Amino acid sequence: MHKIFSKNLFIGKKVVYLPKCHSTNSVATQLAEIEHVNEGTVVIADEQLAGRGQRGNTWESEPGKNIMMSVVLKPTFLKPSQQFFLNIIVSIAVKKTLSEFGLENVKVKWPNDIYAGNKKITGILIESTLKGSMIETSVVGVGLNVNQLGFTSEKATSMALEMGNDLDKELVLEKLSRNIESLYLQLKGGASEKLQSDYLKSMIGWGERRLYRDKEETFEAEILGVSALGKLRVERGEGVKEYDLKEIEFLWE
Amino acid sequence: MAEKQSRPNKNEPMKAKEIQDLIDFISKSGLEEVNIETEEFKIKVKRNSDAPRMVEHMPAAPAPVAPAPAPAAAAPAAPAPKSGNDESKYLTIKSPMIGTFYRSANPETDVFVKVGDKVKSGQPVCIIEAMKLFNEIESEVSGTIVKVLVDNASPVEYDQPLFLVDPS
């Protein structure tokens, strides 16, 4: 059934498939505590009863239509302060996968939402366990909208909606897992500069002026990059400014 | 070079233990159906739907919803200055990174630890979030929590002390 992972080196060598669960990230985090659960273990669900987005936000998905996957990684080669690279590689992996299916208008909305045009197509949730200053495990959760056609939010979309036809979900999963694996191995192999530059180039607002809002005002700016800790660096006319997550909002027409 | 090759070699005698661990996990998880597939084996476990075990974090009866978590939060004021002035014997749990400190896994759940709780090395004590990356921090020490040094949802610096722990 899950021969889809057979070409991978380590991701998907153990697959836990759940018709229903609360959240694949929660299950993967619990599984990761078991001694024999290696890096690369994958948890997949058809239906999440309490799928989570960022802290407290829920992630809605029609049963069986989309990919809800969590991968157990053990990036012991990263310092806690370098974790943003996990976000970088997964974002690039999703963008690359979508592009392999012909979806080209895909960009990363900092820090970790993937947009097709001005609608969200994928959410990423990375949760790690740290002991002292060591990362023990990181669980990378990806919710990728594949064949769902109706959304309660106007700001959401799916591959099928964007492309006008249904897709083979297993094939999407195969390519996505392979891309995550290959980018993770590149990161492990020391390609962090190139990865960071690829991430920058795929960002909404990089190298172009668009509208943002901070707590004082609406303003036009250009994204210059992302600091080592993942903060957004923008050029605002009066100089360069760094923003934390809750300090800046992307505005849409 | 030789360190990180835990994967391919030592599969053989572990299978029975591995399967046992996974089944234990499933039985504790409250999941209704689990299918596990590796290169060596496949297991499919389905729970009897009449087994009343889906409890997990759901407090079944809606009666005590609000009152329950409140006393825990109110309590820690009094017992803190127990043996007075000597804090030097205490150990600290520090933040491994810059971020935002959260005492619970998510807004709906109880705090990981409160004053008076015993913690063991390896036990999760808080979440530090930075740029939407969520980190569950495990204690490196064992003992009793004597003080929580940071308020929930406030920013913390690298190496900032978060908890005081009495190791005795």
Discussion item. Just checking, does the stretch B:100-113 include any residue being assigned to a loop (DSSP other than H, G, I, E, B), at pLDDT 85 or above, among the aliphatic types (A, V, I, L, M) and more than 13 Å from the chain's Cα centre (by Cα)?
Written reply: no
Response to the item:
When (1) surrounded by 19 or more Cβ atoms within 10 Å (Cβ to Cβ); (2) touching a Lys or Arg at 6+ places or on another chain (Cβ under 6 Å) are applied to B:PRO96, the one that fails is (2)
Worksheet entry | Single condition A:VAL71 does not satisfy, out of (1) more than 14 Å from every other protein chain (Cβ to nearest Cβ); (2) touching a Cys at 6+ places or on another chain (Cβ under 9 Å) | (2)
Worksheet item: Any residue in the stretch A:177-192 that is charged (D, E, K, R), away from chain B (no Cβ under 14 Å), more than 17 Å from the chain's Cα centre (by Cα) and open to solvent by 40 Å² or more (accessible area, probe 1.4 Å)?
Response: no
Worksheet entry | For A:ALA228: the one exception among (1) of a type outside the set (Val, Ile, Thr); (2) at pLDDT 95 or above; (3) open to solvent by 50 Å² or more (accessible area, probe 1.4 Å) | (2)
Fill in: Count of the stretch A:3-21 residues which are within 13 Å of A:GLU39 (Cα to Cα) and part of a loop (DSSP other than H, G, I, E, B)
6
Worksheet item: If you scan the stretch A:155-169, which residues turn out to be in a loop (DSSP other than H, G, I, E, B) and open to solvent by 20 Å² or more (accessible area, probe 1.4 Å)?
Response: A:LYS155, A:GLY164, A:ASN165, A:ASP166, A:LEU167, A:ASP168
Practice prompt. Have a look at A:LYS131, A:LYS96, A:LYS120 and point out the one that is closer than 27 Å to A:ASP166 by Cβ and touching a strand residue (DSSP E or B) at 6+ places or on another chain (Cβ under 6 Å).
Written response: A:LYS120
Worksheet item: Looking at the stretch B:112-168, which of its residues are at the interface with chain A (Cβ under 9 Å from one of its Cβ atoms) and of a type in the set (Gly, Ala, Ser)?
Response: B:SER121, B:GLY122, B:ALA130, B:SER139
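Could you list, in sequence order, the residues of the stretch B:18-34 that are outside any helix (DSSP H, G or I) and out of contact with any strand residue (DSSP E or B) (no Cβ under 8 Å at 6 or more places or on another chain)?
Passing the criteria: only B:GLY30.
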Worksheet item: Taking the condition in contact with a helix residue (DSSP H, G or I) (Cβ under 8 Å, 6 or more places away or on another chain) and either assigned to a strand (DSSP E or B) or open to solvent by 10 Å² or more (accessible area, probe 1.4 Å) (or both), does A:VAL172 pass?
Response: no
Discussion item. Quick check on my filter: what residues within the stretch A:5-21 are buried (at least 20 other Cβ atoms within 10 Å of the Cβ) and of a type outside the set (D, E, K, R)?
Written reply: A:PHE5, A:ILE11, A:GLY12, A:VAL15, A:VAL16, A:LEU18, A:CYS21
Discussion item. For the stretch A:97-119, check the following and say yes or no: at least one residue is part of a helix (DSSP H, G or I), within 11 Å of another protein chain (Cβ to nearest Cβ) and without any contact (Cβ under 8 Å) to a residue 60 or more places away in the chain.
Written reply: no
Worksheet entry | Only one of A:THR137, A:THR152, A:THR76, A:THR129 that is among the polar types (S, T, N, Q), within 12 Å of chain B (Cβ to nearest Cβ) and open to solvent by 40 Å² or more (accessible area, probe 1.4 Å) | A:THR76
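The values are calculated or read from the model by the stated rules, or taken from the named source; none is laboratory data. Keep in mind that this is a model prediction, so the values were computed, not measured. In this analysis, Cβ positions are derived from the backbone assuming ideal geometry, glycine residues included, and neighbour counts consider all displayed protein chains. Just the protein is used for accessible areas: all its heavy atoms, side chains included, with ligands, DNA and RNA removed. Shrake-Rupley method; radii C 1.70, N 1.55, O 1.52, S 1.80 Å.
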